[in-house]
Structure formats: C-alpha cells, structure tokens
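Undergrad: This is the structure I want to talk about, given as structure tokens.
The values are calculated or read from the model by the stated rules, or taken from the named source; none is laboratory data. Every value quoted in this text rests on a predicted model; they were computed, and no experiment measured them. Virtual Cβ from ideal backbone geometry, glycine too; neighbours counted across all protein chains shown. Note: accessible area is taken over every heavy atom of the protein model, side chains too, but ligands, DNA and RNA are not part of it. Shrake-Rupley method; radii C 1.70, N 1.55, O 1.52, S 1.80 Å.
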Amino acid sequence: MDFALFMERYGYRILVLVFGAAILGIMLAPFVMTFWAFSSSGIAAAVIAVIVLAIGIALMVVPKFWNFADKMRQTHVIEDWNEEK
C-alpha cells in the first residue's frame, strides 16, 4: 500500500485522532496541573491552574455580556422624561 492510498483510507481518522487528543489535552490541562500540585504540595501549579481557568471563563463570559448589553441598547428605547418637548 503506497502513502497516497494509505492517507486516502486512514487520513481523516488520523487527523480526527490528533485533533481530538489536542483538544482533550487542552481541556484537561488545569485538572492535571491541580492534581500534580496537590500530590507534590506545589502551590505554584495550583495557582497557575486557577489563573488559567479564570482567564478561560473570563474570555467566554465577557464577550457574551457585551453582546447582551449591545442588544439591549438596540431594542429598548430609553426616554428622557426631563427633556422638554
């Protein structure tokens, strides 16, 4: 079996396996670091894991909050009752 036939047959499976392993590794990194920190009494790894988790949560939450605020400003009319007509 030559390389082209091999890649045609198994290329996508290998690609999915590589990307799946990379995504799983990125998702599990804070948990592995925390386990390593508590098993070896290393406070630095626990702090790094918490910081990475906090940054990840902030990157997910903040854009949704600003998007919500923009939608509210576009759909709701704010009237100024003190303005003279």
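Undergrad: Looking at the stretch 17-38, I want the residues that are at negative phi and of a type outside the set (D, E, K, R) and have a partner that is at pLDDT 80 or above and surrounded by 13 or more Cβ atoms within 10 Å (Cβ to Cβ) with Cβ atoms under 7 Å, at least 6 apart or on another chain. Which pairs are those?
TA: Within 7 Å, the pairs are Pro30/Val52; Pro30/Leu53.
Undergrad: Also, quick follow-up: Could you please find all residues in the stretch 15-43 being part of a helix (DSSP H, G or I) and open to solvent by less than 70 Å² (accessible area, probe 1.4 Å)?
TA: Of the residues in the stretch 15-43, the ones part of a helix (DSSP H, G or I) are 15-39, 43.
Residues satisfying the conditions are Gly20, Ala21, Ala22, Gly25, Ala29, Pro30, Met33, Thr34, Ala37.
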